[in-house]
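Below is one structure, written out as structure tokens, with a few remarks after it.
The values are calculated or read from the model by the stated rules, or taken from the named source; none is laboratory data. Treat the numbers as computed from the prediction; the structure is a model and nothing was measured. So basically every Cβ, Gly included, is an ideal-geometry build from the backbone, and we count neighbours across all protein chains shown.
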Amino acid sequence: MDEPTYTTIFEPFRIHSVEPLRMSTRAERRGHVERASYNLFQLRAEHVLIDLLTDSGTGAMSRDQWAAIQHGDESYAGSPSFYVFEEAVRELFPFRHVIPVHQGRAAEKILFSAVGGPTKVVPNNTHFDTTRANVEASGALAVDLVIPEGKDPASDHPFKGNMDLAALEGLLSARGDDVPCVMVTVTNNSGGGQPVSLENLHGVRRLCNRYGKPLYLDACRFAENAWFIREREEGHGERDVRDIVLEMAGLADGMTMSAKKDPMGNIGGWLAMDDDVLAQQCRNTLILTEGFPTYGGLAGRDLEALAQGLTEAVAHDYLRYRIRSTAYLGEALQERGVPVLTPIGGHAVYVDARALAPHLDPLQYPGQAVSVALYEMGGIRTSEIGTVMFGRHPDGTETPASMDLVRLAIPRRVYTQSHIDYVIEVCEKVAEQADRLPGYRIVDEPKALRHFTAAFEPIR
Ligand SMILES: Cc1ncc(COP(=O)(O)O)c(C=O)c1O
């Protein structure tokens with residue numbers, strides 16, 4: 001008998017413990033956001049109804065992860081929890097050295113303190129904001145070389161996170177001596193959570209071989225990327241995701257990792273590599289900044305939870321649900337005429353705020369305008385990924401980012417379909433009034449990573 005097929009998006013888990021959500025009125029939210037200087041990072045979380053600010057560290061841990069926490073061994077040195085963690089990482093990413101850190105940016109800081117520096121240039125498909133900031137903090141230049149389709153919100157290229165190989169070759173041949181490593185971010189968060197194909201990764205590897213450069217993955221969403229490869233890249237439809245991940249890892253010399261994403265951690269990360277000399281140097285910095293090499297910035301219990309989370313991250317039932325439920329939100333918005341970046345990414349739906357509010361100049365921050373409106377209208381917290389995040393340059397100048405997006409990031413295993421249906425309704429309401437949204441100006445900003453703390457005011 002044929003296996004029956006169903007179209008319902010099936011959450012491959014049931015709820016075990018619940019957290020209350022706090023309802024609020026529009027008038028209350030207006031007050032909250034004004035007091036937060038129109039910066040959603042400055043809101044108190046209890047004033048948020050549906051929190052789509054980030055998928056980072058906000059996932060629900062499983063019963064087995066909570067059980068694993070009980071195995072946490074808090075020995076300062078040589079904890080068995082470290083070896084459980086190291087083995088789980090090396091089953092997917094068999095690098096010689098695995099260095100635990102408290103989160104992804106610590107791995108970036110340690111890596112670029114060692115290999116960055118003035119006169120250096122670091123190419124990436126698109127640097128995430130903290131990666132760019134850490135490259136630049138070392139004095140190096142961070143260059144984004146994603147394919148042109150990756151900057152076109154309407155392009156339907158299946159692998160919009162791909163590196164532009166001709167541009168990378170151009171950079172390596174012109175400034176090869178200044179490039180300490182090539183990075184590829186999977187999936188490409190700042191470019192819409194778009195995947196990188198295996199074919200493209202092989203192409204990057206070939207160029208790295210030709211120019212003698214190490215390749216590092218920024219692998220936060222490696223499992224989602226591997227699932228897209230399985231679904232979209234010819235010849236991979238029958239493969240186990242673990243096997244695809246191993247092939248991705250085998251093309252690289254090392255990785256930075258925020259374990260707050262696909263590995264289902266509420267905290268954690270690692271830096272891994274094959275290079276013994278560099279690993280030694282990085283461990284020395286680790287001891288100065290994070291902790292002893294068998295715990296990094298983490299507790300033994302965190303290491304145990306991550307080891308278990310890694311096994312759940314590559315389960316096919318989970319990945320099928322994860323990617324399908326993100327697409328559900330994106331497709332519903334498209335049907336209602338809300339412009340979204342396509343194809344729908346893995347961990348988030350990105351609204352094209354520049355297209356939604358074309359009356360706003362990019363330097364009036366359309367992404368900020370739409371994010372604030374989503375909060376006021378329905379208590380939904382999102383994040384701007386556009387000119388606020390990327391517009392200010394180290395020399396003090398400001399230019400529009402290539403896109404002005406609002407990211408609706410979906411925490412893993414947290415919200416149900418009815419929560420998402422509510423989000424769809426709120427987005428539709430904001431879209432109906434988008435031509436009347438005010439732009440914003442920044443009244444106070446720090447030198448770097450301004451989106452976290454800048455103060456805004458509406459331009460009335
Ligand atoms: C692609 C990418 N790289 C690096 C980071 C930084 O990780 P963390 O927030 O754990 O420092 C993030 C976080 O969102 C990310 O999405």
* To do: Output the number of residues of segment 124-151 satisfying the condition of being away from the ligand (no atom under 14 Å from the Cβ), of a type in the set (Asp, Glu) and in contact with a Lys or Arg (Cβ under 9 Å, 6 or more places away or on another chain).
  => 1
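Answer with yes or no whether THR285 is closer than 20 Å to ALA313 by Cβ, among the hydroxyl-bearing types (Ser, Thr, Tyr) and modelled with pLDDT of 95 or more. I'd like the intermediate steps shown before the answer.
Details: closer than 20 Å to ALA313 by Cβ: no; among the hydroxyl-bearing types (Ser, Thr, Tyr): yes; modelled with pLDDT of 95 or more: yes.
No: the conditions fail for THR285.
Return the residues of segment 157-179 that are under 15 Å from LEU198 (Cα atoms) and among the polar types (S, T, N, Q); say none if nothing qualifies.
To start, the set of residues in segment 157-179 that are under 15 Å from LEU198 (Cα atoms) comprises 157-165.
ASN162, the sole residue that qualifies.
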* To do: Can you tell me which residue within segment 361-407, out of those that are in a helix (DSSP H, G or I) and among the polar types (S, T, N, Q), is surrounded by the most Cβ atoms within 10 Å (Cβ to Cβ)?
  => SER371
* Asked: Given ASP2, ASP55, which one is closer than 23 Å to ASP129 by Cβ, of a type in the set (D, E, K, R) and not in a helix (DSSP H, G or I)?
  -> ASP55
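Every residue, every condition in (1) of a type in the set (D, E, K, R); (2) surrounded by fewer than 22 Cβ atoms within 10 Å (Cβ to Cβ); (3) assigned to a helix (DSSP H, G or I), yes or no:
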| site | (1), (2), (3) |
| --- | --- |
| ILE229 | no, no, yes |
| PRO293 | no, yes, no |
| ALA307 | no, no, yes |
| TYR321 | no, yes, yes |
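Residue-by-condition table, conditions (1) closer than 13 Å to ALA252 by Cβ; (2) within 16 Å of the ligand (Cβ to nearest atom):
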| site | (1), (2) |
| --- | --- |
| PRO153 | no, no |
| LEU168 | no, no |
| LEU171 | no, no |
| PRO180 | no, no |
| MET183 | yes, yes |
| THR187 | no, yes |
| GLN194 | no, yes |
| LEU201 | yes, yes |
| ARG205 | yes, no |
* In segment 165-186, what count of residues is obtained for those that are over 20 Å from ALA140 (Cβ atoms) and part of a loop (DSSP other than H, G, I, E, B)? -> 1
* Looking at segment 177-192, is at least one residue free of Cβ contacts under 8 Å to residues at least 24 places away in the same chain and either acidic (Asp, Glu) or on the phi > 0 side of the Ramachandran plot (or both)? -> yes
* Asked: Just one of the numbered conditions (1) away from the ligand (no atom under 16 Å from the Cβ); (2) touching a strand residue (DSSP E or B) at 6+ places or on another chain (Cβ under 9 Å); (3) under 19 Å from ASP262 (Cβ atoms); (4) of a type outside the set (Phe, Trp, Tyr) is not true of HIS236; which one?
  -> (2)
* Any pair with Cβ under 8 angstrom, 6 or more apart, that starts in segment 95-118 at a residue that is touching a residue at least 60 places away in the same chain (Cβ under 8 Å) and surrounded by 23 or more Cβ atoms within 10 Å (Cβ to Cβ) and ends at one that is among the polar types (S, T, N, Q) and part of a loop (DSSP other than H, G, I, E, B) -> PRO100/THR294; GLY116/SER138
* Pair list, Cβ < 7 Å and 6+ apart or interchain, from segment 417-446 residues that are among the charged types (D, E, K, R) to residues that are surrounded by fewer than 19 Cβ atoms within 10 Å (Cβ to Cβ) -> GLU428/ARG336; LYS429/MET377; ASP435/HIS359; ARG441/GLU457; ARG441/ILE459; ASP444/ALA455
